[in-house]
1. Bin width 10 Å, alpha-carbon pairs only: give the P(r) of the range 1-81 as whole percents, running from 0 to the bin holding the largest distance.
2. Name the residue from Ile57, Ser34, Ala76 whose Cα lies farthest towards the positive end of the charge dipole of the range 18-79, charges +1 on Cβ of Lys and Arg and -1 on Cβ of Asp and Glu.
3. Magnitude of the Cβ-charge dipole of the range 18-79, K/R +1 and D/E -1, about the Cα centre, nearest 20 debye?
Amino acid sequence: MPSVDLSQLPEPAIIAQPDFESILADIKTMMVSSFPEEYRAAVTRALTLESEPLNIISQAMAFREMLLRQRINEAARGLHAQPQPGQ
């Protein structure tokens, strides 16, 4: 019976791992849309300032989401079948 070479199997990526900037853009979009229409233009302008607290919070949220996705993918890789030495 032929054996399967487990080292040739691709590592699973359970959750897509977009880059930090993509996650940040999504969070900023979500944040702007959570404000009433009359405030959205001002919030959008405020989010362009590095010192703006909303921008700092958005960056922290994006970094945390990126780390969470990485941890989930690493846990999935840990469950991935690994070849045993000598086989």
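1. For the range 1-81, the binned pair fractions read 17, 33, 21, 15, 9, 4, 1 percent.
2. Ala76
3. Numbers: 7 positive and 9 negative charges, 46 e Å.
My answer is approximately 220 debye.
Taken together, the values in this text are just the output of simple stated rules run on the coordinates, not laboratory data. The model shown is predicted, which means the values in this text are computed figures rather than measured ones. So basically every Cβ, Gly included, is an ideal-geometry build from the backbone, and we count neighbours across all protein chains shown.
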